[in-house]
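A short write-up of the structure that comes next.
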Amino acid sequence: MSRLDEPELRRRYREAFDRVSPRDEAVERAMAAVAAAPETVRHPLLAPAAAVAIAMAVVVTMLLGGHNVRLTPSVIQPDGRVANPGVPTAGESQPPPPPVAWDERPGSLSRVTFDPVEGRIGLAGGGGVMVRSPDRGQSWTQVYAGPAVVRDLLWLDGHAVLAATSRGLMRSDDAGLTWTVIGSRTDLLRLDFLNLSVGYAVAGSSLASGQLVKTTDGGATYRPVDSPTRPVHWIQFVDERRGWLAGPAGIWTTGDGGSTWERQRSFEPGTFGDSWLAQIGMRDQLHGFAYYRSTATGMNQAAGVLFHTADGGKTWRLVSATSYPTTPLSGQAPNHSLPGSPTGELVVTGPASAKLLGWLPASDRTYIYSTTDGGGSWTSSQVTSLKGARGQLAWLPAGEWMAVTDFAGNAYIGVRGGGEPDFKLIQVGG
Amino acid sequence: LGSATLALIQEARAGDRLAFEALVRPLYSPAFRLAVAILHDSGDAEDAVQESLLKAWRRFSTFREGSDLRPWLLTIVGNQCRSVRRGRWWSLIRVPDPARVEASHEESSVIGADLRQALLKLGHQQRLTLALHFYLDLPYEEMARVLGTTSQAAKARTHRAMVQLRAIMAAQEQPQ
């Protein structure tokens, strides 16, 4: 045995760890996180005053509004004043909402999907956790726990499934039981594949700054590609040639696998601002939806605008929009209203059918909204066992599921079979 | 502390994020090295340092002017690493970090493996102590500030941690 005196231990210590050095992008990411952190009390003497101000605000709000009133997040300004991002003060411009990363909190669930072949195996993921169901969502077991935030899940067939995570692109070939990191991109946000090798993704620090990237090796590497607009929020292919992409500037389609793009609908600059996200949900080559939703936080700020097409996007019909804050398409009034406070992505269930998860702030209730006429009329069913929550719905003819995290940070899988009145909630994690 | 640093500290305490960034950017590397030495995973270390910097920013009003920033920040990093290891997901399934996988080749994974294995058997305080001493070369006085103790106690802790590390490594080298 070698002599382990102090210099020898020091040498071995350095040998063991010196090869690992911080990555430039990690340094910049950390600095950016500090730059984006919500404003806090900067002076210790102001803290008590701010605490008193918050306490008074809580008491006054409860007295005025009863128990169902939800306070929107408050920001303590440097001078100790409390600003509520949801309620602009007269004469002031509304401060930008603090960055909300509820779906990246440890243990939160924000994505759920079922295998496209049998609809039997479910996967749900979010902040550092992935759970799997072998039995149509009746039971769930944890298959991943760690630092990776799961941002998207995509089945390639009945066994192969990909997960875009903050630690790289992960792939499972046994329907989600075991996972291997196959790609080092940590900024993939939305995945789509034309076949097992070729795929596109939206990459970036957030969808609001999404960039189109392409892989030809099954996701091991991605490279940026020219896109007709920037940012790109969403891309979807219905076969190896036909696809659509959408962003705040409009909607485009391709018929050659993404080599060329044709504009189908444009929006004036500023129509959909920074808080809006675009989503394409095509059912087939002809039928589908384009859904724009505001991610701004605060009461009466969640908003949506819905378009429907029955001719592959040659015409995108403005169908419905929430009544507040205002319809962002000046001069174009939709014929119908979209349900209040939609909180998640649109789930397309048929050529003219879709579902939305929603939350009514006044009553703090969670609803599932459904349309079967292209978005013109909506029915709602309340998830009675769940207060306000955000997350994602998944739907198959056999049933529907939701992966949600409530405002207290508890994560649930909701399961509802055909015809059942309400979701059965299964708490996972925590 | 130099007058420029003192000015930056005052500006950062007043809420100037650029001043804060100027102060902590040079400390990213030692913070990362400390986190890697405790967590043994570069990705987890990056996350821990990022979270530590956010905590440092939020708490910067409590930083005493005239104090040395490095031990203050390293204390936060050490505590954050302890929280990570105590976290509910830590001991469950782990997925290799792609950046680390790319960076590590056969040789580097063999070199130091015995030491890393031995370190895993030490407690958090001992690992922190050895990282500060061997890896960051902090003087006992500064180590004491990070560990929240006296210089004498930091020296004694270092000695005890080394004794225990030697014993573990010796046991590892014994033929089975």
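The values are calculated or read from the model by the stated rules, or taken from the named source; none is laboratory data. Nothing here was measured: the structure is a model prediction, and the numbers come from that model. Every residue, glycine among them, receives a Cβ derived from its backbone with ideal geometry; neighbour counts consider all protein chains shown. Heavy atoms of the whole protein, side chains included, go into the accessibility calculation; ligands, DNA and RNA do not. Shrake-Rupley method; radii C 1.70, N 1.55, O 1.52, S 1.80 Å.
Just a few scattered comments:
- A straight Cα-to-Cα reach below 22 Å connects B:Lys155 with the lysines B:Lys121, residues fewer than 8 places away in its own chain not being considered.
- Portion, in percent, of the accessible area of region A:339-430 that falls on carbon or sulfur, probe 1.4 Å: 52
- Listed residues B:Arg166, A:Arg263 arranged by accessible area, highest first, probe 1.4 Å: A:Arg263, B:Arg166
- The amide H of B:Thr149, built 1.01 Å from its N in the peptide plane, has no neighbour under 5 Å, considering only residues 5 or more places off or on other chains.
- For the pair A:Ser377 and A:Asn195, the difference between a 0.36 nm per residue extended length and the Cα-Cα distance amounts to 61.9 nm.
- Accessible area of region A:197-320 belonging to carbon and sulfur atoms, whole % at 1.4 Å probe: 45
- Per-residue HN-Hα couplings for region B:58-74 [Karplus 6.51, -1.76, 1.60; θ = phi - 60°; Hz; x = Gly/Pro]: 5, 9, 5, 5, 8, 6, 7, 4, x, 7, 8, 6, 4, x, 4, 5, 5
- Taking region A:114-202 and dividing mean pair separation by its residue count, relative contact order in percent (alpha carbons under 8 Å, at least six apart): 20
- In Å², nearest 10: area of B:Leu122 left accessible to a 1.4 Å probe: 10
- Here the Karplus relation 6.51 cos²θ - 1.76 cosθ + 1.60, evaluated at θ = phi - 60°, turns the backbone of region A:380-385 into coupling constants of 10, 10, 7, 8, 5, 8 Hz, with x for every Gly and Pro.
- Taking amide H as placed 1.01 Å from N in the peptide plane, A:Leu194 has its amide H under 5 Å from the amide H of A:Gly199, A:Tyr200, each at least 5 places away in sequence or on another chain.
- Taken over the Cα atoms of region A:185-262, the convex hull encloses 69 Å³ per residue.
- Working from label points 7 Å from Cα in the Cα-to-Cβ sense, the A:Ala398 to A:Ala220 distance is 3.4 nm.
- Efficiency of FRET between A:Ala208 and B:Ser67 - r from beta-carbon atoms, R0 35 angstrom, step 0.05: 0.35
- J(HN,Hα) series, region A:261-268, from Karplus relation 6.51 cos²θ - 1.76 cosθ + 1.60, nearest Hz, glycine and proline x: 10, 10, 6, 10, 8, 10, 10, 4
- Residue separation of A:Gln138 and A:Thr180 scaled by 0.36 nm, minus their Cα-Cα distance, works out to 12.5 nm of gained length.
- Length available on full extension from A:Asp173 to A:Ser266: 0.36 nm per residue minus the Cα-Cα distance, which gives 29.5 nm.
- FRET efficiency for the pair B:Ala167 and A:Thr315, taken as 1/(1 + (r/R0)^6) with r the Cβ-Cβ distance and R0 = 51 Å, rounds to 0.10.
- Solvent-accessible area per residue, Å², over region A:161-279 with all protein chains present [probe radius 1.4 Å]: 39
- Förster-model FRET efficiency, 25 Å R0, B:Arg116 and A:Arg29, C-beta, rounded to 0.05: 0.45
- Buried area at the A-B interface (accessible, heavy atoms, 1.4 Å probe, summed, Å²): 5100
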